[in-house]
Amino acid sequence: MKTLDALIAQLEALSRFNPVLMIFEDAHWIDPTSMEVLSRVVDRIKTLRVLLIVTYRPEFDAPWIARPHVTALILNRLGEREIAQLINRLSGNKPLPESIKQDIIERTDGVPLFAEEMTKAVLEAADEGTIERAVGVVPSPAVAVPASLHASLMARLDRLGSAKEVAQVGAVIGREFSHPLLAAVVGKPELALHSALDRVIEAGLLFRQGAPPDAIYLFKHALVQDAAYGTLLRERRRALHARIVDALEESFADIAENRPEVLANHCTEAGLDVRAIKYWRRAGERAVRQASNREAIGHFRRALALNEKQDLDVGRSLTELAILSQLGPALMSIHGWSAPEVGMAFERAEHLARELERSTDLAPPLTGLWLFHAARGQYSRAEEITNELFNLARTVDDADILLQAHHCAWPTRWFRGAILDANAHADAGLELYDEVRHARHRFLYLGHDPAVCALSIKAVLQWLLGHPTQGIQLECNAIEMARRLRHLPSLVHALWFVCQAQVARSDTAAVMNTATELLKLSEEHGLPQTRAIASVYLGWSVGQTRDVAEGIRYLAEGLVAWNRLGSRGHLCLALCLLAETYFTGGQYEKGMEQVNLAIAATSDMGDRWCLPRIHTIQAQLLRALGEIDAAEANLRKAVEIAADQSARGSQLRAANSLALLWRNQGKVRQARELLAPIYGWFTEGFDTLDLKEAKALLDELRD
């Protein structure tokens with residue numbers, strides 16, 4: 001993420017001094033990370049002096065095409081006049097007979113590359129008879145152009161003579177390759193290699209940047225590389241891929257270290273499956289550490305596919321278990337915690353770990369399954385898994401597994417309304433945590449850093465427990481740590497729960513800022529789960545402060561996306577926030593609909609922590625509808641549940657509303673006796689909204 005930000009900043013800086021032209025070619029072959037860069041550039045340049053040109057084939061679906069500052073131009077095949085101009089430019093002082101020129105025009109069917117290649121093939125002919133034979137090998141336009149172009153390219157490669165081998169080796173290396181790597185694989189003397197390369201370059205098939213031995217070569221077009229690659233027999237290709245692997249491992253350690261996917265691909269093509277699995281895994285691990293989880297998923301799946309081809313033994317099962325344990329968190333980051341593919345990956349990993357009787361290897365899939373079930377609101381199953389993790393940690397005496405058992409326990413106990421218990425588990429986890437030792441945990445367990453999770457969730461818990469100032473400090477600590485770790489999934493996790501803490505204490509301005517950043521990051525990196533929850537929080541803050549209709553739209557969009565993901569965790573709070581926004585807009589009946597849905601969801605899942613808030617908004621809606629007795633009953637219930645949960649923050653808010661209701665009924669003493677001891681318990685946070693409202697009401701009741 002820092003790298004992408006730096007690229008955008010560099011573009012902004014350049015555009016301040018001069019207009020900038022950027023060109024992205026062949027976007028249909030783009031990888032996920034480059035796509036992310038391109039999308040961010042498209043978003044940013046609408047206010048910059050930048051012209052961005054992107055070329056791609058019709059099958060590519062450009063996500064930015066409908067934006068107002070983007071213009072789409074469809075480039076059709078060239079007409080006869082344009083093809084004739086192209087032929088004349090290429091032929092120069094060797095004008096072709098009109099009959100030959102017309103044949104090229106008709107047979108190349110307006111495809112520029114084919115027309116260029118055909119013209120060059122004709123010009124290379126030795127005499128008129130050879131020219132006519134060269135044109136004659138090109139079929140009529142009725143034949144598919146790619147096959148015809150391939151035939152033309154093959155003919156030009158054949159005319160290279162012994163230099164053809166260099167083109168073939170280069171094609172096996174890739175579209176772009178370095179002189180040192182080519183030399184290492186070809187094994188020719190430098191003079192012979194230079195001569196062969198010059199011939200390929202003179203033939204217009206290859207471009208050279210720089211001078212040997214530091215030169216970089218690039219095939220003119222991917223089709224040229226494909227044609228050269230296609231001239232090799234299968235066994236020869238495999239042998240060359242194997243030689244490339246050996247050369248990279250022996251002399252190009254930087255590529256092996258920083259681009260393991262290159263070696264993985266060559267190993268795969270060489271049939272070196274065991275080595276390929278190793279490099280695909282390394283590539284996946286490296287992608288995960290860079291938060292490039294889409295690439296990581298692809299790399300891990302390639303490793304799994306090759307592993308399935310191995311003999312069915314303990315080694316194969318152990319490798320599959322290790323890969324699945326790494327794949328699961330990457331899937332969570334991209335598809336959300338409750339996605340079916342997440343459950344499938346962890347269930348298979350759990351099965352393998354139990355089958356292999358590998359106790360320590362059981363922990364990662366168990367924690368993944370815990371999160372999968374918790375995200376789906378299946379808290380009873382989540383609690384069973386948490387208990388098994390504690391038993392496993394004690395059985396094998398493993399502090400790392402114990403940390404993850406607490407990591408699963410603090411959210412589960414929080415959801416159940418056991419606030420003190422949840423806080424104790426978070427403290428225990430932080431006591432065990434070591435930033436250096438447990439750095440790998442953010443890639444192996446749950447996809448985020450356990451300390452960032454503990455700090456951000458404790459921010460919510462501290463407000464609930466009546467320590468709002470401590471909660472605010474924890475918000476800062478969580479986000480500061482997540483930014484310092486430079487781990488995107490941990491940062492969005494921190495923003496999510498810090499935002500929830502800000503919602504809990506009704507700090508609409510803070511929620512607006514945090515939710516906006518979370519939404520921006522989620523959209524930039526394609527994270528549907530946090531995008532949905534950010535829309536919910538942003539909608540609530542917008543609806544409470546400036547525009548109810550816009551807030552409801554954000555909330556509704558977030559809830560639709562949340563349900564589409566199959567997520568049930570945190571649903572009760574989201575429905576409650578929508579009900580509060582309907583109340584703000586005077587849409588009391590619609591608000592009651594959402595409250596009823598929230599109460600049904602809490603009953604179904606056992607998600608009790610936000611029940612006091614739900615009953616409080618239900619009471620406000622009932623009072624607005626004239627049902628005063630029912631409103632009072634709900635507020636009494638909210639105060640009672642909050643007290644049972646030791647949730648002083650929720651208790652104070654509900655007591656505020658109930659005391660206000662009694663004051664309006666003339667029950668001043670009863671209101672004061674309810675509110676005064678609850679307010680008197682607090683020792684901090686007197687500048688927060690609930691405490692200021694309570695003090696103002698108590699002052700009024702005393703008067």
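Results, tabulated for the structure shown:
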| item | result |
| --- | --- |
| Whole-Å distance, taken between Cα centres, linking the stretch 1-40 and the stretch 250-305 | 25 |
| Cα-based reach from LYS46 at 21 Å (exclusive), listing lysines while leaving out same-chain residues under 8 positions away | LYS520 |
| Entries in LYS667/LYS692; LYS458/LYS695; LYS637/LYS695; LYS94/LYS220; LYS120/LYS188; LYS278/LYS458 that, when Cα-Cα distance is taken, lie over 32 Å | LYS278/LYS458 |
| Length-normalised contact order for the chain - Cα pairs under 8 Å, 6+ apart - percent | 7 |
| Relative contact order of the stretch 335-458, pairs being alpha-carbon contacts under 8 Å that are 6 or more residues apart, as % | 19 |
| Mean-position separation - Cα centroids, the stretch 359-383 and the stretch 591-628, in angstrom | 29 |
| Percent antiparallel among DSSP beta bridges (both partners in the chain, rounded to 5) | 60 |
| Accessible area expressed per residue, the stretch 477-592, with surrounding protein chains retained (probe 1.4 Å, Å²) | 33 |
| Kirkwood hydrodynamic radius (C-alpha pairs) into Stokes-Einstein, the chain, 10 °C and 1.306 mPa s, D in µm²/s | 53 |
| Qualifying trypsin sites (Lys or Arg not before Pro) in the stretch 240-343, DSSP loop, other Cβ atoms within 10 Å at most 12 | LYS309 |
| In the stretch 608-664, the GluC sites (Glu not before Pro) that fall in loop regions by DSSP, at most 11 other Cβ within 10 Å | none |
| Separation of alpha-carbon centers, the stretch 179-225 and the stretch 516-543, rounded to whole Å | 49 |
| Those GluC sites (Glu not before Pro) in the stretch 272-342 that DSSP places in a loop and that have at most 14 other beta carbons within 10 Å | GLU308 |
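The values are calculated or read from the model by the stated rules, or taken from the named source; none is laboratory data. Since we're looking at a predicted model, the values are computed, not measured. So basically every Cβ, Gly included, is an ideal-geometry build from the backbone, and we count neighbours across all protein chains shown. Ligands, DNA and RNA are excluded from the accessible area calculation, which covers all protein heavy atoms including side chains. Shrake-Rupley method; radii C 1.70, N 1.55, O 1.52, S 1.80 Å.
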